[in-house]
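See below for the structure under consideration.
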Amino acid sequence: MKLKIIPEHIAIIMDGNGRWAEEHGKERIYGHQNGVEAVRSAIEGAGEAGVKFLTLYAFSTENWNRPKDEVDALMRLLVSAIQNDLDNLMTNQVRLQAIGNISQLPEVCQKELNDAMEKTKENSGLTVILALSYSGRWEIMNAVKRLISNNITENDVNENSFSMFLNTKNIPDPDILIRTGREYRISNFLLWQIAYTELFFSELLWPDFRKEHLFDIIKEYQTRQRRFGKTGKQIKEEN
Ligand code: IPE
Ligand code: IPE
Ligand code: MG
């Protein structure tokens with residue numbers, strides 16, 4: 001695929017697994033299981049397109065409030081997906097990272113995740129960031145707590161220094177945010193980081209999402225003019 005402006009960072013709210021399962025007359029977990037194939041395809045597509053960072057919202061702080069059976073199944077799925085796909089990630093030079101309150105995850109998930117992050121850390125291709133037990137408010141609140149405990153004074157707080165206390169330090173803000181699943185909300189994802197992100201809403205339910213859909217969104221992104229508060233004329237003159 002030939003691309004003009006390659007987005008550096010794409011973030012995805014992978015929503016609609018439960019409804020996909022329902023449409024297939026199955027339990028919700030069947031939707032989550034089938035969502036893994038969509039994750040594989042999105043990672044492959046992002047790599048092929050030359051995207052540098054792909055952040056996937058896999059489990060929110062609020063998702064802990066789901067029935068225990070579903071939460072347990074999601075945690076097991078995380079472990080098995082990492083186990084099954086680690087070789088593939090290595091072959092494709094994918095580096096795995098995570099954001100969120102990882103210490104909340106069951107021990108076995110933490111171990112699998114940490115091992116995979118350690119093993120892939122020198123890979124030079126796409127960085128995939130899993131948002132797990134993550135929420136934007138939790139992250140911002142945590143940053144404030146750490147500012148205080150590090151005795152950072154008022155004069156030293158600016159947008160750059162503040163963002164270094166977020167989980168996403170050293171990761172550029174997303175250029176594109178995609179939400180599948182026919183909902184039009186942010187659901188506590190990357191609140192600080194999406195200040196100027198281009199938003200895309202896909203009518204697909206997540207298990208049906210494939211890299212071709214990602215390519216279509218990237219193409220549409222390339223037709224948009226990002227103005228960051230300036231006028232269209234100014235932007236044209238700059239380019
Ligand atoms: C997204 O799909 C996956 C997670 C939140 C873990 P959902 O499970 O939210 O599916 P719907 O929105 O109920 O269809
Ligand atoms: C957002 O989906 C979280 C993830 C995709 C992990 P939800 O299904 O939890 O969002 P709401 O509850 O519909 O806003
Ligand atoms: Mg949902």
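The values are calculated or read from the model by the stated rules, or taken from the named source; none is laboratory data. The model shown is predicted, which means the values in this text are computed figures rather than measured ones. Heads up, the Cβs are rebuilt from the backbone with ideal geometry, glycines too, and the neighbour counts pull from every protein chain shown. Heavy atoms of the whole protein, side chains included, go into the accessibility calculation; ligands, DNA and RNA do not. Shrake-Rupley method; radii C 1.70, N 1.55, O 1.52, S 1.80 Å.
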Filtering the stretch 1-29 for residues that are outside any strand (DSSP E or B), open to solvent by less than 90 Å² (accessible area, probe 1.4 Å) and within 16 Å of ligand 2 (Cβ to nearest atom) leaves a count of 9
Residue that is farthest from GLU23 (Cα to Cα) [pool: residues in the stretch 180-233 that are hydroxyl-bearing (Ser, Thr, Tyr) and without any contact (Cβ under 8 Å) to a residue 12 or more places away in the chain]: THR231
Go through the stretch 154-183 and report how many residues are away from ligand 3 (no atom under 16 Å from the Cβ), in a loop (DSSP other than H, G, I, E, B) and more than 18 Å from LYS219 (Cβ to Cβ). 12
In the stretch 37-55, how many are within 16 Å of ligand 3 (Cβ to nearest atom) and surrounded by fewer than 23 Cβ atoms within 10 Å (Cβ to Cβ)? 1
Search result, residues across the stretch 31-68 that are charged (D, E, K, R) and without any contact (Cβ under 8 Å) to a residue 40 or more places away in the chain: ARG66, LYS68
Residue check, GLU70 of a type in the set (D, E, K, R), open to solvent by 70 Å² or more (accessible area, probe 1.4 Å), within 16 Å of ligand 3 (Cβ to nearest atom) and not in a strand (DSSP E or B): no
Among the residues of the stretch 160-179, write down those that are away from ligand 2 (no atom under 16 Å from the Cβ), open to solvent by less than 30 Å² (accessible area, probe 1.4 Å), touching a residue at least 40 places away in the same chain (Cβ under 8 Å) and not β-branched (Val, Ile, Thr). ASP175
Qualifying residue in the stretch 185-203 (condition: farther than 30 Å from GLN33 by Cα, open to solvent by 80 Å² or more (accessible area, probe 1.4 Å) and modelled with pLDDT under 95): no
Got at least one residue in the stretch 110-131 being over 19 Å from ILE12 (Cα atoms) and in contact with a Pro (Cβ under 9 Å, 6 or more places away or on another chain)? no
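Per-residue answers, yes or no, for (1) within 30 Å of GLN222 (Cβ to Cβ); (2) basic (Lys, Arg):
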site	(1), (2)
VAL108	no, no
LYS121	no, yes
ARG185	yes, yes
ASN188	yes, no
Sole exception among (1) in contact with a Ser or Thr (Cβ under 8 Å, 6 or more places away or on another chain); (2) within 30 Å of GLY31 (Cβ to Cβ); (3) part of a loop (DSSP other than H, G, I, E, B) for ILE217, by number: (3)
Residues that are of a type in the set (D, E, K, R) and in contact with a strand residue (DSSP E or B) (Cβ under 9 Å, 6 or more places away or on another chain), drawn from the stretch 134-192: GLU139, ASP173, ASP175, ARG179, ARG182, GLU183, ARG185
Restricting to the stretch 98-111, and then to whatever is open to solvent by less than 80 Å² (accessible area, probe 1.4 Å) and touching a residue at least 40 places away in the same chain (Cβ under 8 Å), can you tell me which residue is nearest to the chain's Cα centre (by Cα)? ILE99
Members of the stretch 1-20 that are touching a residue at least 60 places away in the same chain (Cβ under 8 Å) and away from ligand 3 (no atom under 11 Å from the Cβ): MET1, LEU3, LYS4, ILE5, ILE6, PRO7, GLU8, HIS9, ILE10, ALA11, ILE12
